[in-house]
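The values are calculated or read from the model by the stated rules, or taken from the named source; none is laboratory data. Bear in mind the structure is a predicted one, so any value in this text is a computation, not a measurement. Here the Cβ positions follow ideal geometry from the backbone for every residue, glycine too, while neighbour counts run over all protein chains shown. Side chains included, ligands, DNA and RNA excluded: accessible areas come from the protein's heavy atoms. Shrake-Rupley method; radii C 1.70, N 1.55, O 1.52, S 1.80 Å.
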Amino acid sequence: MVRLVITGTPGVGKTTVAIELSKTYNAPVVDINEIIRPVLKWDPELQTSFVIDEAKARELISENLGGVGSYIIDTVAINLIDKSLIDWCIVLRLDPRQVMNRLLRRNWPRCKVVENVLAEVVGSPLSLAIDVFGRDRVIEVDTTNKGVHEVVNHIVNQLTVGVPIIGVVDWLDTLDTNLVLSLSKELDECLAQ
């Protein structure tokens, strides 16, 4: 039995990795958005969905996953998942410059791109994963310049060993300070609109 959640900023490869892991473990990929659709509302200005009732969302997820043996979840909304439903949280990381390129290729609004790139820079998904699931159930994986099979093999090996990994990357050590400051200023301008 395997109960995994794959998370990370948009563009890091969550869906691709989840699909490959589902083949490896013969476990279904669960679409959390389908489960919580009754409590999702679309915001056309932000071009994203948001949860209008978190308690109901948690209830829907627990009801749908409670009796299922194995599954792999691909989501950024890990705060909605009860930690008793997850064995391991896999946090995918990717060089923020690559995140930016991927999101721009998806034609995302510039402000949304900048917000997500900065979230990757400071490690927001990793921090949230630690808060929700605890340090002992989080595996951080740097996907930068790696193929999906290499990433999946790394994850499978880590799960086999059963040892958490945190602190794999610190983008603030590797990125040009001017780039980070420029993005931060740009986000401030976006938020001021």
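Numbers for the structure displayed
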| item | result |
| --- | --- |
| Residue that is over 18 Å from the mean Cα position of the chain (by Cα) and within 26 Å of residue 2 (Cα to Cα), where the choices are 76, 180, 163 | 163 |
| Filter pass, residue 125 being modelled with pLDDT of 95 or more, over 27 Å from residue 27 (Cβ atoms) and crowded, with 19+ Cβ neighbours inside 10 Å | no |
| Subset of the range 22-48 (residues that are in a helix (DSSP H, G or I), of a type in the set (Val, Ile, Thr) and surrounded by 17 or more Cβ atoms within 10 Å (Cβ to Cβ)) | 32, 35, 39 |
| Positions within the range 150-164 being open to solvent by 40 Å² or more (accessible area, probe 1.4 Å) and either in contact with a strand residue (DSSP E or B) (Cβ under 8 Å, 6 or more places away or on another chain) or under 12 Å from residue 140 (Cα atoms) (or both), in sequence order | 154, 163, 164 |
| Count of the range 1-12 residues which are open to solvent by 20 Å² or more (accessible area, probe 1.4 Å) and within 14 Å of the chain's Cα centre (by Cα) | 1 |
| Residue that is farthest from residue 12 (Cα to Cα), among those in the range 137-170 that are in contact with a helix residue (DSSP H, G or I) (Cβ under 8 Å, 6 or more places away or on another chain) and assigned to a helix (DSSP H, G or I) | 137 |
| Residue match in the range 9-24 (condition: over 23 Å from residue 162 (Cα atoms) and small (Gly, Ala, Ser)) | yes |
